[in-house]
Amino acid sequence: MTSKALNQFLDESIANLKEHGLYNEIDVVQGANGPIITINGQEKINLSSNNYLGLATDNRLMVAAKQAVDTYGVGAGAVRTINGTLDLHIQLEEKLAQFKGTEAAISYQSGFNCNMAAISAVMDKNDAILSDSLNHASIIDGCRLSKAKIIQFEHSDMKDLRQKARKAVQSGAYKKVMVISDGVFSMDGDIANLPGIVEIAKEFDLITYVDDAHGSGVTGNGAGTVKHFGLEKQIDFQMGTLSKAIGVVGGYVAGKENLINWLKVRSRPFLFSTALSPADTIASAKALEILMDSKELNVQLWENGNYLKNGLMKLGFNIGHSETPITPCIIGDEKKAQMFSKRLNEEGVYAKAIVFPTVPRGTGRVRNMPTSAHTKEMLDEAISVYEQVGKELGII
Ligand SMILES: *Cc1c(COP(=O)(O)O)cnc(C)c1O
């Protein structure tokens, strides 16, 4: 017999979410996740993935992954410290360090668990972390796990950050103080003020941690937001994911050798969770090779992003103030944003509504993630569907 208390909790909670329109029914993608996807047997233009460079279905990565399976099998066999460290992992980490312009790098099984791992390996209850109010959930959870005092600062507000940094440091209550921020904020597409953060960090000797999940492969000609600002030597933790622009799965931290050595002996998901599979590892390394060899995909991504932005702007949509290819289309009212997304979907454009609490109340939006793999024809078709549905719902 299963727990009555559990069943009651689950039934009530799910009913409550459904009542408030917050219960997410998950769509199943039939086949590959590319610029065109099939859902319920219908093809749609996909503007919802993080596969910025189309690498998730890039033939060069697929061939490399197949070869890895033939040579190494499908699993790493153990956690890294026991005997799960394959030569492939070392090769990937060398490439990551090269890609990020650091002494060394360490890979994890996901970006999420990388943040859980890395923050708590360095920060503890005697420390404080200054965290941007719009930071990703995995940063928030990583900070919580560390038991450090979490001090939120207003989104990208350097005045607020400086004031809170000064207060934290001058209080003498903390051994170490870290400042942590997304490199690119995925809901609005804005870029963190890293020069401002670095300046304040220097002033107060803060540890700097940048999660560039949405920046790597995108900003800085593909090398990320830290590179975009030329701050490779001044950020302690360059964290990133292999799951978005890189197209595979996994996470990493790039930084100085002493930091990476410490993470290898103290970060718990590295010590207690099985290593990335051979196919994931080699496919990720291949992606880095491609990005370091050629800017072609990156250039195409920005061209497509700008094309979509211009098209939507000309139609009169409010696309916010994105500085990256991420293109929000801000509707305002939550229900209307959801209706808008639903109608787009019915007309063959798959772009998700994002509403409170993920974004502030009254800024409900449909978020578009163009990729380098979209053709002009696909983007034109998407823009024309936007026009039709926008007029239908009285948005433009
Ligand atoms: C997606 C994301 C992550 C998690 O990365 P995964 O590799 O998908 O686990 C972490 N941080 C930020 C900012 C993200 O956007």
- Query: Taking the condition in contact (Cβ under 8 Å) with a residue 24 or more places away in the chain and touching a helix residue (DSSP H, G or I) at 6+ places or on another chain (Cβ under 6 Å), does Val366 pass?
  - Reply: yes
- Task: Just give me the residues in the stretch 281-291 being surrounded by 23 or more Cβ atoms within 10 Å (Cβ to Cβ) and either of a type outside the set (A, V, I, L, M, F, W, C) or in contact with a strand residue (DSSP E or B) (Cβ under 9 Å, 6 or more places away or on another chain) (or both), in sequence order.
- Result: Thr281, Ser284, Lys286
- Task: Go through the stretch 313-344 residue by residue and tally those that are crowded, with 22+ Cβ neighbours inside 10 Å and either outside any strand (DSSP E or B) or among the charged types (D, E, K, R) (or both).
- Result: 8
- Within the stretch 41-53, is even one residue loosely packed, with under 15 Cβ neighbours inside 10 Å and more than 25 Å from Leu308 (Cβ to Cβ)? yes
- Message: Can you say whether Leu145 is surrounded by fewer than 17 Cβ atoms within 10 Å (Cβ to Cβ), part of a helix (DSSP H, G or I) and either free of Cβ contacts under 8 Å to residues at least 40 places away in the same chain or within 16 Å of the ligand (Cβ to nearest atom) (or both), as far as the supplied structure shows?
- Response: yes
- Task: For the stretch 68-92, name all the residues that are under 14 Å from Gly250 (Cβ atoms) and away from the ligand (no atom under 16 Å from the Cβ).
- Result: Ala68, Ala76, Arg80, Gly84, Leu86, Leu88, His89, Gln91
- Query: Across the stretch 16-27, which residue is farthest from Thr371 (Cα to Cα) among those that are out of contact with any strand residue (DSSP E or B) (no Cβ under 7 Å at 6 or more places or on another chain) and assigned to a loop (DSSP other than H, G, I, E, B)?
  - Reply: His20
- Message: Here is a check on your reading of the model: is Leu47 more than 16 Å from the ligand (Cβ to nearest atom), within 26 Å of Met339 (Cα to Cα) and not basic (Lys, Arg)?
- Response: yes
- When you scan the stretch 173-263 for strands (runs of 3 or more DSSP E) that lie fully inside it, which ones turn up with 1 or more residues that are closer than 20 Å to Ser107 by Cβ and more than 16 Å from the ligand (Cβ to nearest atom)? 251-255
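Residues checked against (1) touching a Lys or Arg at 6+ places or on another chain (Cβ under 9 Å); (2) within 16 Å of the ligand (Cβ to nearest atom); (3) under 27 Å from His228 (Cβ atoms):
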position: Ala104; (1), (2), (3): yes, no, yes
position: Tyr108; (1), (2), (3): no, yes, yes
position: Ala117; (1), (2), (3): yes, yes, yes
position: Asn126; (1), (2), (3): yes, no, no
position: Ser131; (1), (2), (3): no, yes, yes
position: Leu134; (1), (2), (3): no, yes, yes
position: Gln163; (1), (2), (3): no, no, yes
- Message: So, in the stretch 264-282, how many residues would count as being part of a helix (DSSP H, G or I), closer than 13 Å to Glu93 by Cα and of a type in the set (A, V, I, L, M, F, W, C)?
- Response: 1
- Of (1) part of a loop (DSSP other than H, G, I, E, B); (2) under 23 Å from Ile36 (Cα atoms), Ala287 fails just (1)
- Item | Selection count, the stretch 305-337, where residues are more than 20 Å from Ala213 (Cβ to Cβ) and of a type in the set (S, T, N, Q) | 3
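Read the figures in this text as sums done on the coordinates, not as results from a lab. If you're wondering where the values come from, they're calculated on a predicted model, not measured in any experiment. Reconstructed Cβ throughout: ideal geometry from the backbone, glycine too, with neighbour counts over all protein chains shown.
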